[in-house]
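Undergrad: Got a structure here, written out as C-alpha cells. Questions coming.
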Amino acid sequence: MTQDPTPPPFDGKAFARGLGSQPGVYRMYGKDDAILYVGKARVLKNRVGSYFNATPKTTRTMAMLAQVQRMEVTVTRTDAEALLLENQLIKSLHPRYNVLLRDDKSYPYVLLTQEAWPRLAFHRGPKSIPGKYFGPYPSAAAVRETLNSMHKLFKLRSCEDSVFRNRSRPCLQYQIGRCSAPCVGLVQAREYADAMRRASLFLDGRSEELGNELTTSMEAASTRLDFEEAARLRDLITTIRKLQARQYVDGQAADLDVLSVAMQGASACVLLLAFRDGRNLGTRAFFPKSNGAPPDEVLAAFVSQYYAEQTPPKEIVLDRDVPDRELIEVALSEASGRKIQLKCNVRGDRAGYVDLVRRNAELTLATELATHAAQSARAEALRDLFGLTEVPKRIECFDISHTMGEATVASCVVFDSNGPVRSQYRRYNIAGIEPGDDYAAMHQALERRFKRAIEEGGVMPDVLLIDGGKGQLAQANAVLGELGVGGIVVVGVAKGVERRAGHETLLMPDGRELRPGPESPALQLVQQVRDEAHRFAITGHRGRRQKARASSRLEDIPGIGPRRRQSLLKHFGGLAGLKQAGAEEIARVEGINAALAERIYATLHGLPMPATGPAATGNDEAGRNA
C-alpha cells in the first residue's frame, strides 16, 4: 500500500488552544519550511486564534493561511520585546507576506566626537566613531542646515583630525566666526567643554534648559562686571530664541513625526515629516514592499520596523488608524523609556500637516512610478539595441580611478529592473601593479569579482559594462575566458571623438561599434550606469588617497613624533615638498639631526635604511618628547 506523502492540513484552532496568554512572536511556515509570515501579539492565544475563527478575512490573508503547514511561537516578557524580536526576524527572514521596509541609504546624523577637542560633523554610515550621535535626520540638507547653525552658535571645530593636528595658525573658519581655533590654543579647554555641552543640550532638544543656563551665566558675568562676556551670552540667547520662534507647532516646542501612506496597486510610499524641538527637519520618502497588504497594515508595519531602530519622538501623528496601535504604542514606550503617543484623527495645525504629508506622499509615489516606467522603457530599449532575448535582470559596470597612479580603486555598481542596487556595490583597492596601469587594474578587479562568485556560487550579471576602450574590454574578455565564465554580454563604453556626453561608442562583443546618439533611451541607461560607477570609484579613490596622506609615512620613522612631523611638513609645505628635499635640506629643520634626516630620506624614497644608533633614532630628551 502506497503511503500518501501529502501532510495533513494544519489545525490552527488546536494550535491556538495550546498557547498561553503571554506576549510573543508567531511564525507561519509553508511548503519546504518556507517562511510565510512573522507577527507579534500582546496575547498569543487570542492573536493566533483570530486567524482560524469564522470572522471574514481578506483575500491576501486567506491565500496565506491556505499555505500554512506549521507554526512556531516565541514567548517574550513584554510587548516591547515582542516588537523588537518581530522586526529582527522580518529583517533576517524576509517573510513572503510581511510588509518589508526597504531603504538602501543609511540615515544621516550629526556627530559630536569623543576627543580632547571634540569635532561636530556630518555622519552617515555605521556608528563606529566614538562619540554622541544626534538624529537620524530626514535628509542630508537638514543635517547641513543644523550644522550651519551649530557652528555659528557654539564655534566647535569641524575639521578632520589630520588637519587639526597640523595647523600652525587659525583657518578661515575662525576668521569668519565659525570656530574658536582650538588647534592653535586660542580657546581654553574649560571654555570649549562648556560650548560642547551646550551644543549637546541644543541638539537634544533641551533648548529651554539651555536658555535658562545661559541667562544665569549672563547675569553672573554682569555681576562680576565682565560686560563683554555678558554681551556675548546675551547675543547667543537671542539667536537661540529666534531659532526656537522660527518654526513653532501649536505654540509650543514640538517633538513629533507626521506619517502618511499612499498606494497604487501593490506600490506603496510612506512619507515622514519630522519636527524636533519645534524645528521642521523636512521630509523623507520610503518605499516599502507591501506584498499586497492594505494601507493601514503597511503603515503599521512601517512604524514598528522604523522605530525599532530609530529613537521615536514623543508624538507620532498618522494619517489613519492602524492595527495594533495600542500595542505598538506600549511597545515603543517601553523600548524608549518614555511615553510615546500614536495619534490619528487630529485637529488644528496637526491636521494641516497630515494633509500636507498625504498630498506629498501621493505626488512622490506618482513620480516614483513614472521614473520606474521610464527605467523599464530604457531597459527594453537596451534589450533591443544589444539584441538580447529578454530585458537584462542585472547590469554591472566597472570603472577605475586614481591620481597619477596613486591610491588606485576599482568600482563595481549594480542595476536591476528598478534601478541601482546600492547594497551590492563593491570597491576594490588595487595593489601590486605598475602605477597608472589601468589595464592591469581592470584585470585584477574583474578577476577578484568573478573568481569569488565562482567559488561561493554568487550571482552573475546578464550585461557587463566596462568603462573604457578596446584595451579594458580585452582585459574583461580575457578574465572571463580564463575563468570559464560564459553567458555574459560584455560591452565597452568608450568616449566618442568629441568626448561629449551622449556621443559614446559602445564596443559590442561581435566587434561592432555602435553610436546610438544622445536621444537613445538605451544609451541613456548605459550613461546612468557608467556615471554611477564613475562617481562610486572617485569617492572611493579620494577616501583612500586622503587616508594615505593623513597617515603620513613619517609616523613610521622612530624618533619622529607629532612636533617634529609638524615642523617638517610646515617647513616644506607638505609631504610632496618634503619628498623633493635632500637629506642635507631636511637636516636644516630644527630638531632634525643628520642621521635622522638620512632615515627620513631613505623612508620616503624606499631606500635601504642607514645604520640605527642613538643619533639616528633621536634617542635624546628632545627626541622622546617630539
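The values are calculated or read from the model by the stated rules, or taken from the named source; none is laboratory data. All of these numbers come straight from a predicted model, not from anything done at the bench. Cβ atoms come from the backbone with ideal geometry, glycine included; neighbour counts cover every protein chain shown.
Undergrad: Any chance the range 399-420 includes a residue that's closer than 22 Å to residue 526 by Cβ, touching a strand residue (DSSP E or B) at 6+ places or on another chain (Cβ under 9 Å) and assigned to a helix (DSSP H, G or I)?
TA: So far as the range 399-420 goes, no, none of its residues is closer than 22 Å to residue 526 by Cβ, touching a strand residue (DSSP E or B) at 6+ places or on another chain (Cβ under 9 Å) and assigned to a helix (DSSP H, G or I).
Undergrad: Would you be able to say whether some residue in the range 468-477 is under 15 Å from residue 514 (Cα atoms), in the same structural domain as residue 526 (by TED's automatic domain parsing) and among the basic types (Lys, Arg)?
TA: Yes: the range 468-477 contains one or more residues that are under 15 Å from residue 514 (Cα atoms), in the same structural domain as residue 526 (by TED's automatic domain parsing) and among the basic types (Lys, Arg).
Residue-wise test of (1) over 22 Å from residue 567 (Cβ atoms); (2) in contact with a helix residue (DSSP H, G or I) (Cβ under 6 Å, 6 or more places away or on another chain).
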{"position": "154", "(1), (2)": "yes, yes"}
{"position": "163", "(1), (2)": "no, no"}
{"position": "177", "(1), (2)": "yes, no"}
{"position": "182", "(1), (2)": "no, yes"}
{"position": "190", "(1), (2)": "yes, no"}
{"position": "193", "(1), (2)": "yes, no"}
{"position": "196", "(1), (2)": "yes, no"}
{"position": "200", "(1), (2)": "yes, no"}
{"position": "210", "(1), (2)": "yes, yes"}
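Undergrad: A further question follows. Let me confirm something: among 332, 385, 365, which residue is within 19 Å of residue 282 (Cα to Cα) and either surrounded by 14 or more Cβ atoms within 10 Å (Cβ to Cβ) or in contact (Cβ under 8 Å) with a residue 12 or more places away in the chain (or both)?
TA: Only one candidate passes the filter, namely 365.
Undergrad: Residues of the range 327-345 being charged (D, E, K, R) and either assigned by TED's automatic domain parsing to the domain that holds residue 81 or closer than 20 Å to residue 47 by Cβ (or both), which ones?
TA: 329, 334
Undergrad: Then there is this: Given the structure, is residue 291 assigned by TED's automatic domain parsing to the domain that holds residue 355 and not in a strand (DSSP E or B)?
TA: yes
Undergrad: Let me ask another. I'm told residue 595 meets every condition in (1) under 44 Å from the mean Cα position of the chain (by Cα); (2) hydrophobic (A, V, I, L, M, F, W, C); (3) assigned to a helix (DSSP H, G or I) except one. Can you identify the failing condition by its number?
TA: The one condition residue 595 does not meet is (1).
Undergrad: Kindly provide the set of residues from the range 446-466 that are within 25 Å of residue 506 (Cα to Cα) and not aromatic (Phe, Trp, Tyr), ordered by number.
TA: The answer is 446, 447, 448, 449, 459, 460, 461, 462, 463, 464, 465, 466.
Undergrad: Filter the range 462-501 down to the residues that are among the acidic types (Asp, Glu) and touching a strand residue (DSSP E or B) at 6+ places or on another chain (Cβ under 9 Å), then identify the one that is farthest from residue 415 (Cα to Cα).
TA: This residue is 467.
Undergrad: Just give me the residues in the range 316-329 being buried (at least 20 other Cβ atoms within 10 Å of the Cβ) and either within 16 Å of residue 76 (Cα to Cα) or touching a strand residue (DSSP E or B) at 6+ places or on another chain (Cβ under 7 Å) (or both), in sequence order.
TA: Selection gives 316, 317, 318, 319, 327, 328.
Undergrad: Among the residues of the range 473-509, which ones are touching a Gly at 6+ places or on another chain (Cβ under 9 Å) and among the charged types (D, E, K, R)?
TA: The answer is 495, 504.
Undergrad: Say whether the condition of being within 30 Å of residue 13 (Cα to Cα) and outside the structural domain of residue 182 (by TED's automatic domain parsing) is met by at least one residue in the range 108-115.
TA: no
Undergrad: Filtering the range 45-79 down to residues that are closer than 16 Å to residue 30 by Cβ and of a type in the set (Ser, Thr, Tyr), which residue is modelled with the highest pLDDT?
TA: Taking the candidates together, the pick is 51.
Undergrad: Please determine whether any residue of the range 442-459 is among the aromatic types (Phe, Trp, Tyr) and part of a strand (DSSP E or B).
TA: Among the residues of the range 442-459, not one is among the aromatic types (Phe, Trp, Tyr) and part of a strand (DSSP E or B), which makes the answer no.
Undergrad: Are there any strands (runs of 3 or more DSSP E) wholly within the range 9-115 with 2 or more residues that are within 30 Å of residue 135 (Cβ to Cβ), in contact with a Phe, Trp or Tyr (Cβ under 9 Å, 6 or more places away or on another chain) and in contact (Cβ under 8 Å) with a residue 24 or more places away in the chain, and if so which?
TA: Passing ranges, in order: 35-41, 108-113.
Undergrad: Across the range 286-315, which residue is farthest from the chain's Cα centre (by Cα) among those that are polar (S, T, N, Q) and within 21 Å of residue 78 (Cα to Cα)?
TA: Going through the qualifying residues, I end up with 304.
Conditions tested, residue by residue: (1) under 27 Å from the mean Cα position of the chain (by Cα); (2) among the charged types (D, E, K, R); (3) not in a loop (DSSP other than H, G, I, E, B).
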| residue | (1), (2), (3) |
| --- | --- |
| 317 | yes, no, yes |
| 321 | no, yes, no |
| 329 | no, yes, yes |
| 332 | yes, no, yes |
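Yes/no per residue for (1) at pLDDT below 90; (2) in contact with a strand residue (DSSP E or B) (Cβ under 8 Å, 6 or more places away or on another chain); (3) among the aliphatic types (A, V, I, L, M):
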residue: 503; (1), (2), (3): yes, no, no
residue: 507; (1), (2), (3): no, yes, yes
residue: 510; (1), (2), (3): yes, no, no
residue: 514; (1), (2), (3): no, yes, yes
residue: 559; (1), (2), (3): yes, no, no
residue: 570; (1), (2), (3): yes, no, no
residue: 586; (1), (2), (3): yes, no, yes
